[in-house]
Amino acid sequence: MDAGKKMLTGNDAAAHGARLANVRVVPVYPITPQTTIIEKIIEFITEKEMDAEYIPIESEHSAMAAAIGAEATGIRTFTASSSQGIAYMHENLFVASGLRLPLVMVAVNRTMNPPIAGAPDHSDTLAQRDTGWLQIYVENAQEILDMVIQAYRIAEDKDVLLPVMICYEGMVISHFLEPVDIPAQKLIDGFLPCYNPDHVVLDTKRPMHVSVISDEFLTEYRYQQEEAMENSKRVIEEVDKEFKKVFGREYGGLLSGYMTEDAEVVLVGMGNTCNVARMTIYELRKQGIKAGFMKLRAFRPFPKEALEESLRSAELVIMLDRAVSSGYGGVVYPELAASLSNLTTKPYVLDYIIGLANKKITVPQLSSLVTSSLADYKNGTIINPIQWIGVEGL
Amino acid sequence: MEEKNRDIYYGEEFFKQGHLLCPGCSGGVIWRLITKVLGESSIGVTSASCLSLPAIMFPSSLKLPSLYVSFASASAAVSGVSAALHTMEKDGTLKERINLFVLAGDGGTADIGFASLSGAAERNEDVIYFCLDNEAYMNTGIQRSSQTPAGTWTTSTPLGKAELKKDMPLIMAAHGIPYVATASASYPDDLIAKIKKARDIGKGFKYIHIQAPCPTGWRFPENKTVEVGRLAVETGMWKLFETENGTKTKLTYKPESRRPVTDYLEAQGRFSRLEKKDIEIIQKDVDKECRKFRF
């Protein structure tokens, strides 16, 4: 297949990423809005543009189990899902990370039901926070393709060996056409070597049991997983820089700031919130407000040191949260606030619960919200830092 | 003991002592025979079950590579392993034939693992699936499963189970897979013949449902395991047969004269609550079932 610029949807870009990464096994179960990834991969396999085994598995729970089986045999494996499908996998997500299998899964975000909605927010993937997977949130088709490639490098790094979930909003990023630069296979092959596991592999020449009982060493085992997560912060940054050397594109690794250097108010967001947030910053700057935006690319590992460093001089930080942990507030907010809590002079941290099931927010709405929050902060009149935005009848 | 299986009985062991199964458990015999017949070029997948414990308890009794996955997932995980092995065959990095097998309990097969089992059979994955049926959730302390026979005492059916045992071999045969068989730990030659047949019949899904008498859960003395397993077959309460391609079914062992079911039921504490009328119902049921097999 030719390299070069093509118009692709986000899901097509994900499929191209899997093809270029020389993925060999793809167990996957259909769910809207992930399905066009499967369709594209089957097309690649049928047209002999990709040499992979597609397993038409009977559920997402089984899709993750089959992915575990294939990866544990030492073969690079890919899967994708959305919403309830990701929730259905939940148990096996722990198995994948616990067995230290460097799988890559594309999670096409769609809100958790009920009420039944096809539109996206981050409720499905953020609910998988504690499963031991890396989670990277991306915002356009090019970043999806590039991140699938990067994700295998990160996951298979000997200092990491953990699975990676790449998250982006369904229906929106997944289905919109964008120009995407498809890299040449030769360049990818140079960047991403073959997967040669020596830690976990089902091999009759060196029999090992993949998973044993150990109450005794569980804490130490978990600690090693945590060390691997910590290592991944460095590896994510390094892989992004190296990617730039080969392909000319970089994404900032853990974080990507926009006009944050001198900002007194900084919005923080993930996924396709980024676009509207950056346009809002642009408008606010025109009004003379020193505003900036921080794109949180990695949610796991949570880049607390990098956030502390880059937000220390801000006065007000606003999290644009697209999922709710009912009984507290936004899901990302407490982690962001905790990251800044050890600073001697620390910014005030607000939480906007916004964009649930893709509830629309415009640049004028968001800029007036930020303006009034900034005024409330300066007047000391903020009553509740956790604010639901755009609730009808409130 | 038939002379023909001498090589198996005295052959290399892949399942070693110190396995932590209960005294008198039939699982040890079954594990040994399966691994002896399949040999060193084998990979096993297990999930939660008394019988997976010997593999995953460190240091393991099983001297073959194995993958332990979540309870419902054995058939799905083995499908992934199978796809990966196929990839290696295509690439020429795998030259030998690997005997890929699943070993799961009755709950992991017929209840929680049923969807993934049916899926793998429908895709005709190249796998030998062993269901070790001790007719209840024994690992968690004797709770009823869909494989518990009617009338059985378990901790979750203190008055006896009301429902019939789900007919798994029939369900699996209905998938049209190359090979379905039932077996018993008390008939090792028959079991060996079936494992060999499953190994040699060619690609596709092979299902062997093995009755695994359990002294702990069935409430019989631990030195009576073989005897209880034999009584199940001699009374017609467990039949040894095989089905190829979902159609040709034949008995592989036929008792010379069928013994009354009371011989089997009275040997076990789990049936002690049955009354005379219950036993009559069971006897009629077994008679009817056996007529289908013409004995």
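Here are the numbers for the structure shown:
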{"item": "Members of the stretch A:54-77 found to be among the acidic types (Asp, Glu) and within 14 Å of residue A:98 (Cα to Cα), listed by number", "result": "A:71"}
{"item": "All positions within the stretch B:197-229 that are of a type in the set (D, E, K, R) and over 15 Å from the mean Cα position of the chain (by Cα)", "result": "B:197, B:199, B:200, B:203, B:219, B:222, B:224, B:227"}
{"item": "Residues located in the stretch B:111-124, provided they are more than 9 Å from chain A (Cβ to nearest Cβ) and either among the polar types (S, T, N, Q) or crowded, with 23+ Cβ neighbours inside 10 Å (or both)", "result": "B:113, B:117, B:121, B:124"}
{"item": "The stretch B:32-54 residues that are free of Cβ contacts under 8 Å to residues at least 40 places away in the same chain and surrounded by 22 or more Cβ atoms within 10 Å (Cβ to Cβ), paired with ones that are among the aromatic types (Phe, Trp, Tyr) and in a loop (DSSP other than H, G, I, E, B) (beta carbon under 8 Å, 6 or more apart)", "result": "B:35/B:14"}
{"item": "Options A:202, A:187; residue that is farther than 30 Å from residue A:321 by Cα, assigned to a loop (DSSP other than H, G, I, E, B) and modelled with pLDDT of 95 or more", "result": "A:202"}
{"item": "Matching option when the condition is facing chain B (nearest Cβ under 10 Å) and farther than 23 Å from residue A:155 by Cα, among A:57, A:31", "result": "A:57"}
{"item": "Residues of the stretch A:110-142 classified as assigned to a helix (DSSP H, G or I) and surrounded by 24 or more Cβ atoms within 10 Å (Cβ to Cβ), total", "result": "4"}
{"item": "Residue tally, condition out of contact with any strand residue (DSSP E or B) (no Cβ under 8 Å at 6 or more places or on another chain), over 16 Å from residue A:26 (Cα atoms) and of a type in the set (A, V, I, L, M), over the stretch B:64-120", "result": "4"}
{"item": "Selection within the stretch A:205-246 - assigned to a loop (DSSP other than H, G, I, E, B) and touching a residue at least 12 places away in the same chain (Cβ under 8 Å)", "result": "A:211"}
{"item": "Conditions (1) under 20 Å from residue A:156 (Cα atoms); (2) buried (at least 17 other Cβ atoms within 10 Å of the Cβ): number failed by residue A:221", "result": "(2)"}
{"item": "Output for the stretch A:186-202, where each listed residue is surrounded by 15 or more Cβ atoms within 10 Å (Cβ to Cβ) and either over 24 Å from the mean Cα position of the chain (by Cα) or not β-branched (Val, Ile, Thr) (or both)", "result": "A:191, A:192, A:195, A:197, A:200, A:201, A:202"}
{"item": "Number of positions in the stretch A:1-19 that are more than 21 Å from residue A:73 (Cα to Cα), out of contact with any Ser or Thr (no Cβ under 9 Å at 6 or more places or on another chain) and at pLDDT 95 or above", "result": "7"}
{"item": "In the stretch A:34-54, the residues that are within 12 Å of chain B (Cβ to nearest Cβ) and among the charged types (D, E, K, R)", "result": "A:51, A:53"}
{"item": "Test: residue in the stretch B:75-84 that is surrounded by fewer than 22 Cβ atoms within 10 Å (Cβ to Cβ), modelled with pLDDT of 95 or more and within 8 Å of chain A (Cβ to nearest Cβ)", "result": "no"}
{"item": "Count - residues of the stretch A:186-204 that are touching a residue at least 12 places away in the same chain (Cβ under 8 Å) and within 12 Å of chain B (Cβ to nearest Cβ)", "result": "8"}
{"item": "Hits in the stretch B:43-61 (condition: within 7 Å of another protein chain (Cβ to nearest Cβ) and over 10 Å from residue B:101 (Cα atoms))", "result": "B:55, B:56, B:57, B:58, B:60"}
{"item": "Those residues of the stretch B:96-107 which are within 18 Å of the chain's Cα centre (by Cα) and either of a type in the set (D, E, K, R) or facing chain A (nearest Cβ under 7 Å) (or both), in sequence order", "result": "B:106"}
{"item": "Spans of strands (runs of 3 or more DSSP E) in the stretch A:268-329 with at least 3 residues farther than 20 Å from residue A:341 by Cβ", "result": "A:291-296"}
{"item": "Scan of the stretch A:83-94 for residues that are at the interface with another protein chain (Cβ under 8 Å from one of its Cβ atoms) and surrounded by fewer than 23 Cβ atoms within 10 Å (Cβ to Cβ), ordered by number", "result": "A:91"}
{"item": "Qualifying position, being within 10 Å of chain A (Cβ to nearest Cβ), surrounded by fewer than 23 Cβ atoms within 10 Å (Cβ to Cβ) and within 25 Å of residue A:60 (Cβ to Cβ), among B:87, B:93", "result": "B:87"}
{"item": "Lone qualifier among A:266, A:246, A:276 - being out of contact with any Lys or Arg (no Cβ under 6 Å at 6 or more places or on another chain), more than 14 Å from chain B (Cβ to nearest Cβ), surrounded by fewer than 18 Cβ atoms within 10 Å (Cβ to Cβ) and of a type in the set (A, V, I, L, M, F, W, C)", "result": "A:246"}
{"item": "Out of A:21, A:52, A:80, A:66, sole residue that is over 23 Å from residue B:122 (Cβ atoms), surrounded by 20 or more Cβ atoms within 10 Å (Cβ to Cβ) and aliphatic (A, V, I, L, M)", "result": "A:21"}
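The values are calculated or read from the model by the stated rules, or taken from the named source; none is laboratory data. This structure is a prediction, so every number in the text was calculated from the model and none was measured. Neighbour counts run over all protein chains shown; Cβ positions are idealised from the backbone, glycine included.
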